[in-house]
Amino acid sequence: MLEIRELTKVFKNGKVAFEDISFRVGPGDIVGILGPSGCGKSTLLRVIAGLEQAESGVVSFYGQQAGSQIQDAVGVIFQEPRLMPWLPVSDNVSFGLQASRKTRHQEASAILEKVGLRGYELFYPRQLSGGMAQRVAIARALVASPDILLLDEPFSALDAFTRMQLQDLLLEIWAENRCTLPLVTHDIDEALYLCNTIVVMQGQPGRVAEVVTLPADRLHTRDLESLADVKKSIFNILKLQGASLASRQSRTAPQSTGSSLTVSEPIPSNTTSGGM
Amino acid sequence: MSVSPSARRLVQRVLVGIVIPVVVVVLWQILCQRGVFPSDLLPAPSAICQAFLAMGSNGTLWADVDATCVRLVLGFVFGALAGLVLGALVGFFETLEWLIDPMIQSVRSVPSLAWVPLFILWMGIGEGSKITLIAVGVFFPVYLATMNGIRYVDRKLLEVGQVFRFPRWKLIWRITIPSSLPAIFTGLRAGLGLGWMFVVAAELMGASQGLGYLLETGQNTYAPELIVGSIVLFAILGKVSDGILRVLERRLLHWHDSFGNRETGWPQTRGSLDTQAPGH
Ligand SMILES: Nc1ncnc2c1ncn2[C@@H]1O[C@H](COP(=O)(O)OP(=O)(O)OP(=O)(O)O)[C@@H](O)[C@H]1O
Ligand SMILES: [Mg+2]
């Protein structure tokens with residue numbers, strides 16, 4: 001459904017954001033892109049969205065290579081809400097819709113109900129709390145019913161409680177629409193809770209260090225006990241990578257034979273199902 | 001009891017605002033009556049009022065006020081329109097910026113009164129040269145504010161529109177223009193202030209009507225009450241015209257985050273917000 005092959009992004013000033021990134025996202029997947037700050041996660045998402053052009057490599061949707069245009073079926077939720085401050089909530093939600101005023105209002109109200117903001121239609125962004133604003137942003141992305149919804153650390157600016165609420169909201173919506181969700185995050189717990197596959201990025205410029213597929217019977221659980229082994233292995237990748245790239249390679253090589261720095265296929269389960 | 005909190009706040013503000021003017025006028029009147037100020041230099045407020053009431057009742061005052069206001073409005077409209085259009089073009093198109101902006105910036109550094117002889121030469125001392133001078137004064141702040149407002153529109157908001165695949169005109173109409181309105185309004189208000197300055201300059205330069213003409217008459221006929229009275233009228237008209245723009249601004253830009261803080265620089269609680277509750 002979404003495939004990324006050997007993607008490299010170089011900024012105008014010569015800085016390499018990431019290089020040689022490859023992974024594949026199936027329909028209905030929630031794929032976490034996990035990595036430390038500055039490893040190029042946001043940039044990767046922007047390239048996928050079509051907001052920036054890659055240096056080399058391919059992004060393809062449904063097997064079709066994406067040109068320089070922004071894809072029809074793609075929606076984006078940014079790290080900040082990015083609401084239009086001059087529009088009330090309902091107009092912000094229906095910002096991307098092309099329809100009569102009445103339909104727009106109806107659709108906005110329906111979605112606002114879903115994200116728990118009924119009654120706030122006429123509020124202006126400056127009158128909203130951070131969590132409410134982010135929910136409006138989620139509603140705005142959903143109203144266009146995208147097949148692929150790109151999320152760039154959508155909950156990172158929120159308090160723990162609101163974050164948990166919105167994570168559950170995202171899962172509810174996903175269960176309803178079965179849209180594909182590439183999700184950038186630097187929170188391991190969030191990735192473990194939401195995702196079925198986790199692409200671990202490392203380094204500057206960022207590369208794919210590992211692609212972890214979570215066991216199907218442990219998806220969407222906040223019981224991180226049962227995922228402790230997975231968490232530990234991801235943690236090790238991130239930590240070791242920080243120390244030395246070369247040593248990580250030699251350390252992991254015997255464990256997962258097929259894994260190289262660029263994993264184009266989800267790694268079967270050497271690292272993840274060790275505890276099973 | 002039935003007065004809304006925001007209306008009460010407004011009344012409060014106006015009452016507080018006129019305290020100092022009232023005290024000054026009363027003191028002034030008392031001091032004049034005691035002969036502290038020579039009345040041929042600084043007439044008493046009562047004398048000024050009398051003189052202006054007399055002019056008001058025989059109609060000449062209104063003709064003067066009218067002439068000045070018409071000049072100001074016409075100059076403001078032309079200057080602001082030119083500033084908006086050119087500022088927008090230069091803000092949108094980088095090539096135009098390279099082409100036009102250096103020229104406009106260098107023209108801007110000419111002290112505007114230096115244009116007067118040229119305009120009089122071209123258009124005589126009639127209305128044309130006066131209105132042009134006022135328009136020139138209004139133009140620059142509006143041009144600068146519009147250009148900057150449009151050029152520095154938040155890229156992050158534009159990306160929201162891009163993700164929805166808005167064509168360029170739609171990005172401009174739905175994101176760039178609304179988000180640059182606060183800057184544009186600031187420019188309009190600055191332009192209006194300069195407009196009042198230039199209206200006086202233009203009328204001092206030779207006019208047979210208008211408040212500036214009244215000022216000059218006062219000087220030539222040793223009538224200080226005309227001068228002081230005209231100054232007070234300028235103050236009132238300036239305040240009223242700025243008030244009109246402010247009402248418009250409040251209407252259009254009530255969403256603006258820093259609105260209401262801009263004038264004082266201090267955060268204020270706004271009554272209309274405190275009382276709002278989510279409907280159900
Ligand atoms: N426009 C740009 N020009 C040059 N370099 C840039 C630009 N934008 C980002 N970078 C650089 O690219 C690298 C990756 O940035 P990016 O924002 O993708 O990181 P990130 O993984 O999303 O980090 P975070 O988790 O902090 O959001 C950073 O080192 C940053 O300095
Ligand atoms: Mg980022």
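In table form, for the structure just shown:
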read-out	value
Yes/no for A:S94 being modelled with pLDDT of 90 or more, farther than 30 Å from A:L44 by Cβ and open to solvent by less than 50 Å² (accessible area, probe 1.4 Å)	no
Subset of region A:108-155 [within 16 Å of ligand 2 (Cβ to nearest atom) and either charged (D, E, K, R) or away from every other protein chain (no Cβ under 12 Å) (or both)]	A:Q134, A:L151, A:D152, A:E153, A:P154, A:F155
Unmet requirement for A:R104, which otherwise passes all of (1) within 16 Å of ligand 2 (Cβ to nearest atom); (2) within 14 Å of chain B (Cβ to nearest Cβ)	(1)
First in region B:120-143 and of a type in the set (V, I, T), second anywhere and outside any helix (DSSP H, G or I), Cβ under 6 Å, 6 or more apart	B:I125/B:G206
Selection status of A:G96, free of Cβ contacts under 8 Å to residues at least 12 places away in the same chain and assigned to a loop (DSSP other than H, G, I, E, B)	no
Selection within region B:113-135 - among the aliphatic types (A, V, I, L, M) and either open to solvent by less than 30 Å² (accessible area, probe 1.4 Å) or at positive phi (or both)	B:V116, B:I131, B:L133, B:I134, B:A135
Subset of region B:193-213 (residues that are part of a helix (DSSP H, G or I), open to solvent by 10 Å² or more (accessible area, probe 1.4 Å) and among the hydrophobic types (A, V, I, L, M, F, W, C))	B:L194, B:W196, B:M197, B:F198, B:V200, B:A201, B:L204
Criterion violated by A:Q65 - all others in (1) at pLDDT 90 or above; (2) open to solvent by 30 Å² or more (accessible area, probe 1.4 Å) satisfied	(1)
Every residue from region A:1-58 that is of a type in the set (F, W, Y) and without any contact (Cβ under 8 Å) to a residue 60 or more places away in the chain	A:F11
Subset of region A:33-67 that is more than 14 Å from chain B (Cβ to nearest Cβ) and charged (D, E, K, R) - its residue that is farthest from ligand 1 (Cβ to nearest atom)	A:E55
All helices (runs of 4 or more DSSP H) inside region A:132-247 with 1 or more residues being open to solvent by 50 Å² or more (accessible area, probe 1.4 Å) and modelled with pLDDT of 85 or more	A:160-177, A:188-194
Within region B:145-178, considering residues that are open to solvent by 40 Å² or more (accessible area, probe 1.4 Å) and not in a helix (DSSP H, G or I), the one nearest to the other protein chains (Cβ to nearest Cβ)	B:R165
Conditions (1) within 16 Å of ligand 1 (Cβ to nearest atom); (2) surrounded by fewer than 19 Cβ atoms within 10 Å (Cβ to Cβ); number of the one not met by A:A110	(1)
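Each row is one residue, and each column tells you yes or no for (1) more than 26 Å from B:E216 (Cβ to Cβ); (2) open to solvent by less than 80 Å² (accessible area, probe 1.4 Å); (3) without any contact (Cβ under 8 Å) to a residue 12 or more places away in the chain.
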| residue | (1), (2), (3) |
| --- | --- |
| B:Q33 | yes, no, yes |
| B:P43 | no, yes, no |
| B:W62 | no, no, yes |
| B:A80 | yes, yes, no |
| B:F93 | yes, no, yes |
| B:W98 | yes, no, yes |
| B:P111 | no, no, yes |
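The values are calculated or read from the model by the stated rules, or taken from the named source; none is laboratory data. Bear in mind that the values here come from a model prediction, so they are computed numbers and not experimental data. Note that we place each Cβ from the backbone using ideal geometry, even for glycine, and neighbour counts take in every protein chain shown. Surface areas here come from the heavy atoms of the whole protein model, side chains and all, with no ligands, DNA or RNA. Shrake-Rupley method; radii C 1.70, N 1.55, O 1.52, S 1.80 Å.
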